[in-house]
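Remarks on the structure that follows.
The values are calculated or read from the model by the stated rules, or taken from the named source; none is laboratory data. Note that the structure is a prediction, hence the values are computed from the model and not measured. Because the Cβ atoms are built from the backbone with ideal geometry, glycine has one as well, and the counts that use them run over all protein chains shown.
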Amino acid sequence: MIGKIINTKNLLQTLRSVPVVQGDPEWRCRSWCADALVALERDGQAMGASVLDWRRIEELTRRHVREKIAQGRFDDSWLLVNPKPTWDLWENKEVIA
């Protein structure tokens, strides 16, 4: 979780305006995520208290996933139907183990 949505209309409008790049082998879905966060920050009306820094989000998310892998969270397929491990960047804590 990265923050609180305060204006759903602005959120949807802003996210819909972020282009999906075609024909560029260097472009990835994570590129879209970074661009979307920049667009949300520029909009300034869709999100309340939030963390919109892509580098911080990616770094913390990768660390959280590494920890869950080390704990064996994804070792058995039956675990995949359980609630997914979720880190709340806004509160800086795990909210679903």
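Brief remarks on what is shown
- Every listed requirement among (1) modelled with pLDDT under 85; (2) of a type in the set (A, V, I, L, M); (3) part of a loop (DSSP other than H, G, I, E, B) is met by Leu79 save one, (3).
- Per-region count, segment 21-70, residues touching a strand residue (DSSP E or B) at 6+ places or on another chain (Cβ under 6 Å) and of a type in the set (S, T, N, Q): 1
- Here His64 clears all of (1) free of Cβ contacts under 8 Å to residues at least 24 places away in the same chain; (2) part of a helix (DSSP H, G or I) except the condition numbered (1).
- Within segment 42-60, the set of residues being within 15 Å of Thr8 (Cα to Cα) and either within 14 Å of the chain's Cα centre (by Cα) or not in a helix (DSSP H, G or I) (or both) comprises Gly44, Gln45, Ala46, Met47, Gly48, Ala49, Ser50.
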